[in-house]
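Here's the structure we're looking at; comments come further down.
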Amino acid sequence: MTAALAPAATLDVADWQARRRAHEQRVDAWLTPHLARRRTGVKHPVEDFLFTYYSQRPAQLRRWHPGAGVVLRDADPAEFGRDYHATAAGRTLDTDRVRARRAESVEWIRTLLAATAGRPAQLGCFGMHEWAMVYRQTQDEVRHNAWPLRLSPAATAAVVEERGVRCSHFDAYRFFTAPARPLNLLTPTRDSQHALEQPGCLHANMDLYKHAYKLSPLVSSDLVADCFALAREIRTLDMRASPYDLSRLGYPPVRIETVEGRHEYVQAQRSFAERAAPLRARLIADCDRLLSASER
């Protein structure tokens, strides 16, 4: 038998509407330029990534949810949909209904996040995953072929072979070129994700956005947006450290092929790991609260 979550808060109409407007304004700053580019067929290798790689649609990111257990006074049922129901105090998410659909995901995400948080951050990869994705390819073959490589294909391959690849993240590894995969120190799989994911990995920290939106509307849209904001910054470092020359877009390279560039990368990577930790902890806490109520 499931148990409903105790109300986390009851928000007056002025309060929750103000929070919703603030969320929409925050998200619109990211969505508006992306949607304008999409209408004109212009692609941006940095700013569009979170909208094309991840499955969350722009309209879903913009839609505000307070999270499980929050009661909204004087809320119009049509504004929030069938997953919300009426209580004496106002409308609130039908947590049992949504949790029943997401039970397996909540458990899987919680286990992955806790395992990741329990490991020390490994900071020695130097972003070589992006280099492994173009290893031994021509300019026409690379994923972002509208943008030149900073080095020739031969010189790019030499960097990969000299530095080696230490990628623990399956969803990065699966985009490696076939010749690059044997050069990786590990062979990540989906089944080994819980055993390999670690908190220094840029992609693991970007994926906090994915985990947050997969838990939505059980977690607040503020948390989803916080994870998106961090992922957006991480993507910038990801591509600045990549073999692509994006200087015309205003992204000076982090030259990880040099000692100075590797030092710059590690410093930024460490900072992102530190900033991701509280977001990961918030997601774990939300999962624990959901799972605990379910067990009761």
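Among the conditions (1) of a type outside the set (A, V, I, L, M, F, W, C); (2) out of contact with any helix residue (DSSP H, G or I) (no Cβ under 8 Å at 6 or more places or on another chain); (3) under 18 Å from ARG282 (Cβ atoms), THR95 misses just one, which is (2).
Please go through region 72-91 and give me each residue that is surrounded by 17 or more Cβ atoms within 10 Å (Cβ to Cβ) and out of contact with any Leu (no Cβ under 7 Å at 6 or more places or on another chain), ordered by number.
Residues satisfying the conditions are ALA75, PHE80.
Give region 126-135 a look and list any residue that's under 21 Å from the mean Cα position of the chain (by Cα) and part of a loop (DSSP other than H, G, I, E, B), or say none. Answer for region 126-135, where residues must be under 21 Å from the mean Cα position of the chain (by Cα) and part of a loop (DSSP other than H, G, I, E, B): PHE126, GLY127, MET133. Across region 88-104, the number of residues qualifying as over 30 Å from the mean Cα position of the chain (by Cα) and either assigned to a strand (DSSP E or B) or not aliphatic (A, V, I, L, M) (or both) comes to 1. Reported count of residues in region 178-194, each being within 18 Å of ILE256 (Cβ to Cβ) and in contact (Cβ under 8 Å) with a residue 40 or more places away in the chain, is 3. Cβ-Cβ contacts under 7 Å between residues 6 or more apart (or on different chains), taken from a first residue in region 18-45 that is closer than 18 Å to VAL224 by Cβ and touching a residue at least 24 places away in the same chain (Cβ under 8 Å) to a second residue that is acidic (Asp, Glu) and open to solvent by 40 Å² or more (accessible area, probe 1.4 Å), are listed as HIS23/ASP222; HIS34/GLU47.
Of all the residues in region 263-277, those that are open to solvent by 10 Å² or more (accessible area, probe 1.4 Å) and among the aromatic types (Phe, Trp, Tyr) number 1. In region 283-296, of all residues being in contact with a helix residue (DSSP H, G or I) (Cβ under 6 Å, 6 or more places away or on another chain) and at pLDDT 95 or above, the one that is most open to solvent (accessible area, probe 1.4 Å) corresponds to ILE284. Counting only residues that are loosely packed, with under 13 Cβ neighbours inside 10 Å and in contact with a Phe, Trp or Tyr (Cβ under 9 Å, 6 or more places away or on another chain), which one in region 36-59 is nearest to TRP16 (Cα to Cα)? Checked region 36-59; the qualifying residue nearest to TRP16 (Cα to Cα) is ARG57. Residues in region 155-188 that are in contact with a helix residue (DSSP H, G or I) (Cβ under 6 Å, 6 or more places away or on another chain) and either among the polar types (S, T, N, Q) or farther than 17 Å from SER242 by Cα (or both): SER168, PHE170, PRO188.
Against the definition (part of a loop (DSSP other than H, G, I, E, B) and open to solvent by 40 Å² or more (accessible area, probe 1.4 Å)), how does ALA121 come out, yes or no? Yes: the conditions hold for ALA121.
Specify the residue that is modelled with the highest pLDDT; the eligible residues are those in region 7-21 that are open to solvent by 60 Å² or more (accessible area, probe 1.4 Å) and closer than 13 Å to SER220 by Cα. Step by step, filter region 7-21, then rank; the result is ARG19.
Residues that are part of a loop (DSSP other than H, G, I, E, B) and among the small types (Gly, Ala, Ser) within region 64-87 comprise GLY67, ALA68, GLY69, ALA75, GLY81, listed in sequence order. For region 136-154, the criterion of being part of a helix (DSSP H, G or I) and open to solvent by less than 10 Å² (accessible area, probe 1.4 Å) is met by none of the residues. Of all residues in region 183-207, those satisfying the criterion of being within 18 Å of ALA117 (Cα to Cα) and among the hydrophobic types (A, V, I, L, M, F, W, C) are ALA195, LEU196, CYS201, LEU202, ALA204, MET206.
From the list GLU24, GLU107, the one residue that fits, being open to solvent by 70 Å² or more (accessible area, probe 1.4 Å) and assigned to a helix (DSSP H, G or I), is GLU107.
In region 61-71, which residue that is out of contact with any Asp or Glu (no Cβ under 7 Å at 6 or more places or on another chain) and under 22 Å from GLN25 (Cβ atoms) is most open to solvent (accessible area, probe 1.4 Å)? So the residue we want is ARG63.
Where helices (runs of 4 or more DSSP H) sit wholly within region 159-262, those with at least 1 residues that are open to solvent by 30 Å² or more (accessible area, probe 1.4 Å), within 15 Å of GLU47 (Cα to Cα) and of a type in the set (S, T, N, Q) occupy 221-240.
The values are calculated or read from the model by the stated rules, or taken from the named source; none is laboratory data. Since the structure is predicted, the reported quantities are computational estimates derived from the model, not experimental observations. Quick reminder, even Gly has a Cβ in these numbers, built from the backbone with ideal geometry, and neighbours come from all protein chains shown. Areas reflect the complete protein model, heavy atoms only, side chains present, ligands, DNA and RNA absent. Shrake-Rupley method; radii C 1.70, N 1.55, O 1.52, S 1.80 Å.
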